[in-house]
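Structure first, then comments.
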Amino acid sequence: MTSDLVHHGESFDGTPLGFATKSIHLGNGVDAETGAIRRPITLANAYALPYDPSDINWSSSDVNLYTRNGHPNQRYLEAKLANLEGAEDAVVLASGVAALAATFTTVLNRGDHAIFSDTTYIAAYRLLNQILPEKYGIETSIVDTSDPRNIADAIRPNTKLVHIETPANPTLKVTDIEAAAKLAHDAGALLSVDNTFNSPFNVRPIDLGADIVIESLTKYINGHGDALGGAIATRKELTDQIRFTYQVNYGGIISPFNAWLINRGSVTLPLRMRQHNASALAIAKHLESLPQVRFVAYPGLESHPHHDVAARQLARPDSGFGGVLAFGLDTDHDGHNRFVSKLNVITSAVSLGHDESLIVFLGEDDERQYLYPPEFHRGFFRLAVGLEDTDDLIRDIDHALAEAEL
Ligand SMILES: *Cc1c(COP(=O)(O)O)cnc(C)c1O
């Protein structure tokens, strides 16, 4: 039975519990009414008011009032994620993009300046490169943050936020979190890190000096490809502001059902990450050995330009480099599509961090192509290695190469 001590991530003698124990027990508890050892899904939109409701703050998020103000399934998941990230608090919203937008719109005000990685999730790029500057008067600089000198050069007196994504989607560039945190802090700015590709099992940005960690829960933390969610782990002072602005007043709340699903999926995060890490490394090495493969980008390979930084940032002895890799074939546009059409186990679809392996062909016409290393310009795949048997995945790739006559 989950005790109060376990809820704080500690065992009876005060030693911290391990990641797997916490992934299972935090966020769960005995249901007071039924004695069930699984907390239920609470789907109500509204909660009973006290005798005199007249002094309730209708924008508060710490009392049960209305589901957009916060709800039990959200809070259970938040308690677990804050602990796994090593943060004071966490707030869970409707999607990873909601978490990105909430961070940017809460931290940045008109006239502020933000620096962000040249390779980020497309919505982060749209928000910082276009929507926030055009609609809200926020200045932004897009730089290759994998070289910290570019961050230093872009700092202005009004810089308030440095936002990095590491490893970056889809090129797998890695940024040195400690170096970025120091540069941001010396300038009086905050560092936010999109840690979706790593999950807190592989890398814990707050331990490396980051102020804010953003996770698309849709990916590894849920892990089963059946619910969207996003989390921001940071200081309570900031999560309070995010709840007030983005959750209550912009309406970015997660549904109770999705919060429950993600809480359940996250129970097996450490087991799944070990398998994703091991399988992706084996597949990256296999791809690197094939004559038809033009390049492979995976931070776990010694050939990756930022392998040393990536290895230094790992949170635990059994952490790895994640489940996503990019590679290109020595063929043309049609050859890449032909290869995908011959795969039987790996599915052609976007997203990542699911149980099943997913591949997407990113052709030659991405508007941000000029920001990618040159080998990406001829078209490439993003492969999100799933939890199938590694040998089945390798055979699927080899078979598709042969069938596609590459
Ligand atoms: C998928 C993804 C997001 C967006 O998350 P959603 O839950 O789809 O909104 C943000 N960042 C990264 C790195 C992602 O891969």
key: the chain: angle of helix 390-403 to the longest principal axis, Cα-based, in degrees nearest 10   = 40 degrees
ask   = Size of the range 269-403 along its principal axes in angstrom, Cα-based, largest extent first?
value = 42, 32, 26
note = Between the residues Asn57, Asn45, Gly230, the Cα farthest towards the positive end of the dipole of the chain, that dipole coming from +1 and -1 charges on the beta-carbon of Lys, Arg, Asp and Glu, is from Asn57
key: Sulfur and carbon atoms: percent of accessible area, the chain [1.4 Å]   = 52 percent
message = So if each residue of separation counts as 0.36 nm, and I subtract the Cα-Cα distance between Asn57 and Glu88, what length gain in nm does that give?
response = 8.8 nm
key: Candidate residues Arg126, Arg38: accessible-area rank, largest first, probe 1.4 Å   = Arg38, Arg126
ask   = Based on DSSP, what percent of beta bridges with both residues in the range 269-403 are antiparallel, to the nearest 5?
value = 85 percent
ask   = Which angle between 0 and 90 degrees, to the nearest 10, do you get for helix 96-107 versus the longest principal axis of the chain when only C-alpha atoms count?
value = 60 degrees
task = Sort His185, His163 from largest to smallest accessible area, using a 1.4 Å probe on the heavy atoms of the protein chains.
result = His185, His163
task = Give, in nm to one decimal, the length gained when the segment between Asp334 and Ser348 is fully stretched (0.36 nm per residue of separation minus the Cα-Cα distance).
result = 3.5 nm
task = Treating only the Cβ atoms of Lys and Arg (+1) and Asp and Glu (-1) as charged, compute the dipole magnitude of the chain about its Cα centre; round to the nearest 20 debye.
result = 580 debye
inquiry  = Can you tell me the convex hull volume per residue for the range 1-126, based on C-alpha atoms, in Å³ to the nearest whole number?
reply    = 188 Å³
request  = Kindly write out, for the range 141-154 in residue order, the coupling ³J(HN,Hα) from the Karplus curve 6.51 cos²θ - 1.76 cosθ + 1.60 (θ = phi - 60°), rounded to whole Hz, with x marking Gly and Pro.
outcome  = 10, 9, 9, 7, 6, 5, 10, x, 4, 5, 5, 4, 5, 8
inquiry  = Using a 7 Å offset from the Cα along the Cα-to-Cβ direction at both Glu367 and Tyr136, what is the distance between the two label points in nm, to one decimal?
reply    = 1.9 nm
key: the range 345-406-the range 272-333 distance, computed between alpha-carbon centres (Å)   = 12 Å
remark   = Expected field for His306, accessible surface area in Å² at 1.4 Å probe radius, rounded to 10, holds 30 Å²
key: For the range 188-293, the Rg and Dmax computed from alpha carbons only, in angstrom   = 16.8, 55
task = Please list Trp260, Trp58 in order of solvent-accessible area, largest first, computed with a 1.4 Å probe with all protein chains present.
result = Trp58, Trp260
note = Sorted largest first, the C-alpha extents of the chain along its principal axes in whole angstrom are 74, 52, 39
Fully extended contour minus Cα-Cα distance, from Lys236 to His185, at 0.36 nm per residue = 16.5 nm
request  = Across the chain, how many lysine pairs, 8 or more positions apart or on different chains, have C-alpha atoms separated by under 24 Å? Please give the number.
outcome  = 15
ask   = Among Phe321, Leu290, Gly137, whose Cα lies farthest out toward the positive end of the dipole of the chain, if unit charges sit on the beta carbon of Lys, Arg (+1) and Asp, Glu (-1)?
value = Gly137
ask   = Averaged over all directions, how much area does the convex hull of the C-alpha atoms of the range 41-266 cover when projected, in nm²?
value = 12.2 nm²
message = Tell me the per residue accessible area of the range 269-403 using a 1.4 Å probe; a whole number in Å² is fine.
response = 43 Å²
ask   = Using the alpha-carbon atoms, what tilt in degrees (0 to 90, nearest 10) does helix 72-85 show relative to the longest principal axis of the chain?
value = 60 degrees
request  = Note down the magnitude of the dipole of the range 269-403 about its Cα centre, charges +1 on Lys and Arg C-beta and -1 on Asp and Glu C-beta and zero elsewhere, to the nearest 20 debye.
outcome  = 400 debye
remark   = Simple SL model, points at 7 angstrom along Cα→Cβ for Glu405 and Ala311; separation in nm is 4.3 nm
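The values are calculated or read from the model by the stated rules, or taken from the named source; none is laboratory data. None of these values were measured; they are calculated from a predicted model. Glycine also receives a Cβ, built like all others from the backbone with ideal geometry; neighbour counts cover every protein chain displayed. Just the protein is used for accessible areas: all its heavy atoms, side chains included, with ligands, DNA and RNA removed. Shrake-Rupley method; radii C 1.70, N 1.55, O 1.52, S 1.80 Å.
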